[in-house]
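Below is one structure, written out as structure tokens; the observations come after it.
Any read-out appearing in this document is the output of simple, stated calculations on the displayed coordinates, not a laboratory observation. Only a predicted model underlies this, so the values are computations on that prediction, with no experimental measurement involved. All Cβ positions, glycine included, derive from the backbone under ideal geometry; neighbour counts span all protein chains shown.
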Amino acid sequence: MPFQSEANIGKSVRRPALRTVAWVRREIQSSQIAFIILAAGIGLVAGTMAAVAGHISHAMQVMLYGFSPDLRLSGLLKVDPWRLIALPIGGVVLGLVRFAFPRRSRAPVDAVEANALHGGRIPLRDTIIVSLQTLISNGFGASVGLEAAYAQMGGGVASKVGQWLDLKRASLRTLVGAGAGSAIGAAFGAPLAGSFYAFEIVLGGYTPASLAPVAAASLAAVVAATLMHNEPFVIASTIGRDIALSGYLLYAILGILCALVGIVIIRLVAAAEGAVRKLPIGDVWRPLIGGACLMPLAFFAPQVLSSGHGAMQLYLGQQALITTLLAVFALKVCASVLSLAFSFRGGLFFASLFLGSLIGAVFAQLVDMVYPAAGLDVTNAALVGMAALAVAVVGGPMTMSLMVLEVTHDFALTAAVVTAALASSAIVREKFGYSFSTWRLHLRGEAVRTARDIGWMRALTAATLMRKNHVTMHDHDSVTQLREKVALGSTSRVLLTDDRGDYRGIVQTAEAYVDTLDPDTPLSQLAKQTEVYVRPDMDIAAILRVFDHFSVDDLAVVDEQHKLMGFVSEKYINRRYVEELEQSQKEFFGE
């Protein structure tokens with residue numbers, strides 16, 4: 001056997017591995033069954049990670065607050081005051097994490113933003129930061145849920161695997177949706193809800209091509225979480241009780257009420273975050289101050305701590321007074337707003353479930369007082385309110401409806417939940433148009449209302465679409481000079497600049513050939529659109545809006561120094577928009 005160097009041996013070992021990786025990539029990219037198997041594997045990982053995160057957070061709370069592992073932190077009726085020092089301590093730990101991972105110029109990318117704007121690409125650094133910060137925030141008792149960590153971990157793992165396999169844009173987005181949705185499904189023990197979380201919230205739509213991968217991932221995640229002894233989210237309802245027509249009408253009113261409350265909560269969080277940012281407090285110190293502010297709220301009502309699962313079970317199991325329910329509702333809203341405003345990481349998904357149950361319970365008691373014949377069941381109304389407020393805050397009417405079905409196994413109640421959820425969703429879309437996640441993107445200047453893929457629009461900018469074969473003349477040139485340089489019919493427009501190259505308008509060639517026009521007229525007198533142009537970084541949607549607003553055929557592309565770069569025509573822009581839209585739809589529907 002001839003002698004081989006270590007380098008040659010290394011190369012001979014790597015070559016079969018590289019061929020194997022290439023074969024796996026080809027199979028997954030070309031085979032739907034292989035892609036479903038991949039999605040199921042992602043679901044197993046996402047479910048395991050969600051269960052581990054939930055166990056770690058619960059163990060931290062047990063250690064810090066000294067309660068039985070069989071209980072939940074928000075379900076405690078009393079907490080030793082000295083243990084509430086865990087809240088500012090958690091703020092210190094979170095501040096250290098922020099110091100170790102200093103904030104960059106942009107906010108971390110989550111699954112919704114990744115699928116809407118970045119083709120499913122989530123940086124690994126963002127996944128680590130969001131997951132760690134959420135785990136610390138919830139583990140130390142801040143009034144936030146773990147759903148941000150669940151969705152980020154599931155979507156982040158799916159994104160990295162998909163990028164490594166070099167999946168197409170549509171396939172990568174589907175895999176990210178499957179990863180994020182399966183993690184949520186694992187957290188609740190609800191595979192249908194997890195699947196529709198992926199469809200409605202992360203992918204922004206449902207297609208036959210994405211059904212099997214997302215469902216396989218969600219089922220696999222629930223199996224993995226069950227094997228990890230993750231406690232499912234189960235609620236007892238008044239099963240079998242018929243709901244009259246008047247009951248459906250009342251539940252629709254409850255859905256409308258929850259929609260209005262949800263809009264107020266979302267705006268309140270945004271306003272509080274803006275107010276806190278104006279304070280002379282560094283990012284590292286904000287969680288510490290926020291933790292100190294949470295202490296008196298938690299002293300009066302420990303139910304405001306953590307996500308609120310235990311508190312929901314507590315109040316669903318007893319007929320609390322309306323004043324008590326309203327007081328806890330107000331304190332929980334304050335605690336959640338303070339937690340998010342002072343830079344604790346988490347979401348409002350779990351909190352909205354608890355707050356919605358309180359609204360539903362109050363609504364049922366008030367209706368029964370005013371109209372006893374309605375006979376609304378307080379527990380069932382609480383479950384309907386739970387779903388309706390979650391729809392208002394998070395979105396996804398079918399997600400929340402199926403979640404109630406899976407945690408109660410009550411088909412009659414699910415019909416009432418669908419009624420309230422659709423009413424809530426319709427009001428939010430009409431009067432507000434955003435969920436909690438897309439509203440925060442809107443505040444950052446992103447035109448995102450759903451998770452539908454609009455990232456391709458951002459790639460089509462004026463700089464990439466503009467044409468440079470334009471005729472340019474100086475604004476002080478005469479009509480005679482234009483006629484000598486540009487033959488009638490050779491081009492429909494001439495772009496003007498001054499001696500410094502600054503843009504000075506557009507002259508229509510046909511107008512310069514009007515017989516009654518004085519040949520010595522300077523072109524500056526014929527110039528139009530001197531102040532109407534587009535910047536090179538404007539995307540195709542913004543360019544179309546400019547065309548529509550000014551009703552022009554051509555637009556100059558002008559940079560920040562007012563220098564002429566090129567031009568775009570409405571006909572060409574419309575054609576490219578239609579072509580790209582058709583292509584994205586083909587990819588979305590798996591054609």
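Observations on the model:
- For LYS78, a cut-off of 25 angstrom between C-alpha atoms picks up these lysines, skipping any fewer than 8 places away in its own chain: LYS332.
- On the beta carbon distance between ARG500 and LEU260, with R0 = 45 Å, the FRET formula returns roughly 0.20.
- Label-point separation in nm, ALA412 to LEU249, each point 7 Å along Cα→Cβ: 2.0 nm
- For segment 32-72, the mean projected area of the C-alpha convex hull, equal to one quarter of the hull surface, is 3.1 nm².
- Positive dipole terminus of segment 171-306, leading residue within CYS258, ALA272, SER306 (C-beta point charges): ALA272
- Modelled spin labels at THR464 and ARG26, positioned 7 Å past Cα toward Cβ, are 3.0 nm from each other.
- When both bridge partners sit in the chain, DSSP labels roughly 75% of those beta bridges antiparallel.
- With only the Cα atoms considered, segment 105-215 has a convex hull volume of 98 Å³ per residue.
- For segment 17-227, the relative contact order works out to 30 percent when only alpha carbon pairs closer than 8 Å and six or more residues apart are counted.
- Neighbour-limited loop hits for GluC sites (Glu not before Pro), segment 451-541 (at most 12 other Cβ within 10 Å; DSSP other than H, G, I, E, B): GLU531
- Gyration tensor (alpha-carbon) shape descriptor, segment 245-453, a/c threshold 1.5: oblate
- Around MET60: net Lys/Arg minus Asp/Glu count, Cβ-Cβ under 15 Å: +3
- Helices assigned as whole DSSP H runs in the chain whose Cα atoms extend at least 18 Å along their own long axis and whose mean Kyte-Doolittle hydropathy is 1.0 or higher are found at 32-65, 86-100, 208-227, 245-277, 286-300, 322-341, 349-370, 378-394, 411-431.
- A simple charge model with +1 on the Cβ of Lys and Arg, -1 on the Cβ of Asp and Glu and nothing else charged puts the dipole of segment 85-209 at about 420 debye relative to its Cα centre.
- Rounded to 0.05, the FRET efficiency of the ASP520 and ARG576 pair, given R0 = 35 Å and the Cβ-Cβ distance, is 0.30.
- Packing order of peptides 175-187, 253-265, 376-388, 514-526, highest average first: 175-187, 376-388, 253-265, 514-526 (average count of other Cβ atoms within 10 Å over each peptide's residues).
- Per-pair calculated FRET efficiency, R0 = 35 Å: ALA34 and ASP559 via Cβ, rounded to 0.05: 0.15
- Distance between the pseudo-spin-label points of ALA292 and LEU544 (7 Å out from Cα toward the beta carbon): 5.2 nm.
- Helical contribution to [θ] at 222 nm, DSSP H n ≥ 4, -39,500 (n - 2.57), averaged over the chain, rounded to 500: -20500 deg cm²/dmol
- With Cα atoms as the point set, the radius of gyration and Dmax of segment 17-227 evaluate to 18.3, 62 Å.
- Prolate/oblate/rounded call for segment 87-154, Cα gyration tensor, a/c under 1.5 rounded: oblate
- Residue (of LEU227, ALA327, TYR434) at the positive-pole extreme of the chain, dipole from beta-carbon charges: LEU227
- The charge dipole of segment 245-453, taken about its Cα centre with unit charges on the Cβ atoms of Lys, Arg (+1), Asp and Glu (-1) only, comes to about 740 debye.
- Computed from point charges on the beta carbon alone (+1 for Lys and Arg, -1 for Asp and Glu), the dipole magnitude for the chain about its Cα centre is near 1580 Debye.
- Protection proxy ranking, peptides 289-295, 25-31, average beta carbon neighbours within 10 Å, highest first: 289-295, 25-31
- Each peptide in 424-435, 137-148 was scored by the mean count of other Cβ atoms within 10 Å over its residues; highest first, the order is 137-148, 424-435.
- Descending principal axes extents, the chain, alpha-carbon based, whole Å: 91, 90, 51
- Entries in LYS278/LYS563; LYS160/LYS468; LYS485/LYS528; LYS168/LYS431 that, when Cα-Cα distance is taken, lie over 30 Å: LYS278/LYS563; LYS160/LYS468; LYS168/LYS431
- Working from Cα pairs under 8 Å separated by at least six residues, relative contact order for the chain is 16 percent.
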